[in-house]
Every structure is written in C-alpha cells, then in structure tokens.
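Step one of this worksheet: look at the structure below.
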Amino acid sequence: MSARDQIALMARYHRWATERLLSSIAPVPDAAYRQPCGLFFGSIHGTLNHLLLTDNAIWFPRFAEGRSPTLDLGAEIESDRTALASRLIDATAQWTGYVDGLSDAALAGDLRYTMTTGQPRVLPMAAALLHLFNHATHHRGQITAALSAQGHSYQSLDLAFLLFSDQSS
C-alpha cells in the first residue's frame, strides 16, 4: 500500500470511527456524557470538544491554509452535544476531501507550522497527517474506555471492521 493509499484509508477510517463512536454516545444520558470521568479533557463532552478543536480549528488551518491558530487545547467550542456531533462529522469529511486533493508533491513535502506554544515546527506532510488521525484514535479510545467504565455499550472502532465491511460490499 502506498503512502497516499494509507493516508486516504486513515482519513476514511477517521470519519467511519467518529460516526460509530457518536452513534454509541447518542443514547448516553447527558449527566453521564458531561460528568468528569478521569479523561485528560475531563468528560466525554470535553474530549469530543478537544477533538473538534484540534481537527477543525488547529490542524486543518495548518494544513489547508498555512496558518497556525493559537487556541486553548481544552476550550469548549461547542456546548450543544447535537451540534458538536454534527460539527465533528463535518470536520472528518473535510479531511477526506483535503487528503483526496493533495498532489503527490505536496504529500511528499513538509508541513511548516507554529505550535500553540509559539514554537515553529516542521514535519513531513505524510507523517503529520498520520499524527492527526492517530491523535483522534487515541482520544476515541479514551472515550470508549469511559463508556465502558460507565456501563454503556459501544460499537467496535477497530480498523479491521472497516476493512471487513469493504470486503462484504
């Protein structure tokens, strides 16, 4: 599998896993959804906000617009859980479109940006994209652990299940 194919797969997985996670969270009572449960960003809601913030408001402008917003990584940017879920789905869709539109030269190049702390950084473009998708996987895993600890069920987010669904289509 080429780097382009792997990154395209990860962009598709990012959307698929986010949709599955959000459908598992939908029936969770609001009190449990918002209660502090030991996650780095406090609650399921806080962690989903962090994902929207990093995917949509920090990393996407770095990649697509060449600018580096300075934002608080724990900021709540969407208080309404239904709107937050919708915005997360939209954010994952924009990544699929962005990755699909990358030229081979851009994918082989570097991403230059400034961290939220003000430090300039350079990463290989392909590795930076893989970081973005891995970061989201990390936090989705935290959320599924919180759901499990609270006694809620959730759908498997394993990449293999996306691949199995491809085979049965």
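The values are calculated or read from the model by the stated rules, or taken from the named source; none is laboratory data. On a predicted model such as this, the values are computed, not experimentally measured, just so you know. As a convention, Cβ positions derive from the backbone with ideal geometry for all residues, glycine included, and neighbour counts pool all protein chains shown.
Quick notes on this structure:
- The number of residues in region 44-73 that are without any contact (Cβ under 8 Å) to a residue 60 or more places away in the chain and farther than 20 Å from TYR113 by Cβ comes to 3.
- Only one of THR82, THR117 that is among the hydroxyl-bearing types (Ser, Thr, Tyr), modelled with pLDDT under 95 and either part of a loop (DSSP other than H, G, I, E, B) or loosely packed, with under 13 Cβ neighbours inside 10 Å (or both): THR117
- Pair list, Cβ under 9 Å, 6 or more apart: region 4-27 residue aromatic (Phe, Trp, Tyr), other residue surrounded by 18 or more Cβ atoms within 10 Å (Cβ to Cβ) and part of a helix (DSSP H, G or I): TYR13/PHE133; TRP16/THR92
Quick grid of which residues meet (1) closer than 19 Å to LEU129 by Cβ; (2) in contact with a strand residue (DSSP E or B) (Cβ under 7 Å, 6 or more places away or on another chain); (3) not in a helix (DSSP H, G or I):
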site: LEU9; (1), (2), (3): yes, no, no
site: PRO36; (1), (2), (3): no, yes, yes
site: PRO69; (1), (2), (3): yes, no, yes
site: GLY74; (1), (2), (3): no, no, yes
site: ARG87; (1), (2), (3): no, no, no
site: ASP90; (1), (2), (3): yes, no, no
site: ALA93; (1), (2), (3): yes, no, no
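- Residue match in region 123-146 (condition: surrounded by 13 or more Cβ atoms within 10 Å (Cβ to Cβ), without any contact (Cβ under 8 Å) to a residue 24 or more places away in the chain and not in a helix (DSSP H, G or I)): yes
- Some residue of region 98-106 being among the β-branched types (Val, Ile, Thr), under 30 Å from ILE25 (Cα atoms) and buried (at least 18 other Cβ atoms within 10 Å of the Cβ): yes
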